[in-house]
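Novice: My structure is below; once you've seen it, I'll send some questions.
The values are calculated or read from the model by the stated rules, or taken from the named source; none is laboratory data. Nothing here was measured: the structure is a model prediction, and the numbers come from that model. A quick note on method: Cβ atoms are made from the backbone with ideal geometry, for glycine too, and the neighbour counts reach across all protein chains shown. Surface areas here come from the heavy atoms of the whole protein model, side chains and all, with no ligands, DNA or RNA. Shrake-Rupley method; radii C 1.70, N 1.55, O 1.52, S 1.80 Å.
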Amino acid sequence: MTSPVTTVVFDIGNVLIEWDPEHLYRRLIPDADARQQFLSDVCSPAWNLEQDRGRSWAEAVAERVALYPEHADLIRAYDEGWHEMVPGEVPGSVALLGELAEGDVPLYAITNFSNEKFAEAKARFPFLATSFRDTVVSAEERLLKPEPRIYEVLLERNGLTAEACVFIDDSLKNVEGARAVGMAAIHFTGAGPLRLELRRMGFGV
């Protein structure tokens, strides 16, 4: 039986472009324990996620500097040195995206991303601005994956049915969030396994 899935929905960070604060902070905080403490307690994942929810970087930095003035320069670096956290494309993924586009597969994206950094990312990686029929950016919607509503925004805005879509994300909880609204979903672990999964679903890649 032919798969009913016709449409591919990508996450962006660590699926199409790499992102890891370690790339920056290994240089700024060479001691591994001190670095881990800073990235766990000061510029924590929960703090960073609020920018993905729509908080401005100016507000985020000011809030942390007020709490941890002794780390002011390191906190500002999270904003000012952001591109050092993003060394480039995830190997093989963008080529796979291009093959899907050449096959006229409808392509969309849902990403947890700050407005400011997504604008910078599109300027640096032009395919982010040209590959997708629509991109749902968490900061614009003030919603975060894996909240059901962020997936529903994509479906409703574009007249899509969940059953026709496969969602790809490196975060298992976001994959499970997509499945909860009725989408097929693939947990991304690399371009090679992704290609095999898409091929299994009937895509010509």
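Novice: Before we move on, is residue 172 open to solvent by 60 Å² or more (accessible area, probe 1.4 Å) and at pLDDT 95 or above?
Specialist: So residue 172 fits the description; yes.
Novice: Here is a follow-up. Can you tell me which condition residue 149 does not meet? The list is (1) outside any loop (DSSP other than H, G, I, E, B); (2) buried (at least 18 other Cβ atoms within 10 Å of the Cβ); (3) of a type in the set (Lys, Arg), and all the others hold.
Specialist: Looking at each condition in turn, residue 149 falls short on (2).
Novice: Out of segment 188-205, which residues are open to solvent by less than 70 Å² (accessible area, probe 1.4 Å) and assigned to a loop (DSSP other than H, G, I, E, B)?
Specialist: Residues satisfying the conditions are 188, 190, 201, 202, 203, 205.
Novice: Please state which one of 49, 74 is open to solvent by 30 Å² or more (accessible area, probe 1.4 Å) and over 17 Å from the mean Cα position of the chain (by Cα). Don't jump to the end; show me each part of the working.
Specialist: Details: 49 fails: over 17 Å from the mean Cα position of the chain (by Cα).
The match here is 74.
Novice: Pairs only if they're at least six apart or on different chains, beta carbon under 6 angstrom, first in segment 151-175 and closer than 18 Å to residue 134 by Cα, second in a strand (DSSP E or B) and among the charged types (D, E, K, R); list them, first residue then second.
Specialist: 158/134
Novice: Residues of segment 52-63 being open to solvent by 30 Å² or more (accessible area, probe 1.4 Å) and under 13 Å from residue 79 (Cβ atoms), which ones?
Specialist: Initial filter on segment 52-63 (open to solvent by 30 Å² or more (accessible area, probe 1.4 Å)): 53, 55-56, 58-59, 62-63.
Result: 55, 56, 58, 59, 62, 63.
Novice: Return yes when residue 29 is under 23 Å from the mean Cα position of the chain (by Cα) and surrounded by 12 or more Cβ atoms within 10 Å (Cβ to Cβ) and no when it is not.
Specialist: Details: under 23 Å from the mean Cα position of the chain (by Cα): no; surrounded by 12 or more Cβ atoms within 10 Å (Cβ to Cβ): yes.
No.
Novice: Further, regarding this structure: Determine whether residue 119 is open to solvent by 50 Å² or more (accessible area, probe 1.4 Å) and within 14 Å of the chain's Cα centre (by Cα).
Specialist: Yes, satisfied.
Novice: Name the one entry in 155, 143 that is closer than 17 Å to residue 8 by Cβ and either open to solvent by 10 Å² or more (accessible area, probe 1.4 Å) or not in a helix (DSSP H, G or I) (or both).
Specialist: 155
Novice: When you scan segment 176-199, do you find a residue that is without any contact (Cβ under 8 Å) to a residue 60 or more places away in the chain and either of a type in the set (S, T, N, Q) or closer than 17 Å to residue 53 by Cβ (or both), even just one?
Specialist: yes
Novice: Cβ contacts < 7 Å: first residue in contact (Cβ under 8 Å) with a residue 40 or more places away in the chain, restricted to segment 87-109; second residue buried (at least 16 other Cβ atoms within 10 Å of the Cβ) and among the small types (Gly, Ala, Ser), any location; separation 6+ or different chain. Result?
Specialist: Note: pairs meeting the criteria are 90/191; 91/191; 92/191; 93/191; 96/191; 97/131; 107/101; 107/131.
Novice: Can you pull out every residue in segment 119-140 that is touching a strand residue (DSSP E or B) at 6+ places or on another chain (Cβ under 8 Å) and either without any contact (Cβ under 8 Å) to a residue 40 or more places away in the chain or part of a strand (DSSP E or B) (or both)?
Specialist: Initially, segment 119-140 is screened for residues touching a strand residue (DSSP E or B) at 6+ places or on another chain (Cβ under 8 Å), giving 121, 125, 128, 131-138.
Of everything in segment 119-140, those that are touching a strand residue (DSSP E or B) at 6+ places or on another chain (Cβ under 8 Å) and either without any contact (Cβ under 8 Å) to a residue 40 or more places away in the chain or part of a strand (DSSP E or B) (or both) turn out to be 131, 133, 134, 135, 136, 137.
Novice: What single numbered condition from (1) at pLDDT 95 or above; (2) open to solvent by 20 Å² or more (accessible area, probe 1.4 Å) fails to hold for residue 42?
Specialist: For residue 42, the exception is condition (2).
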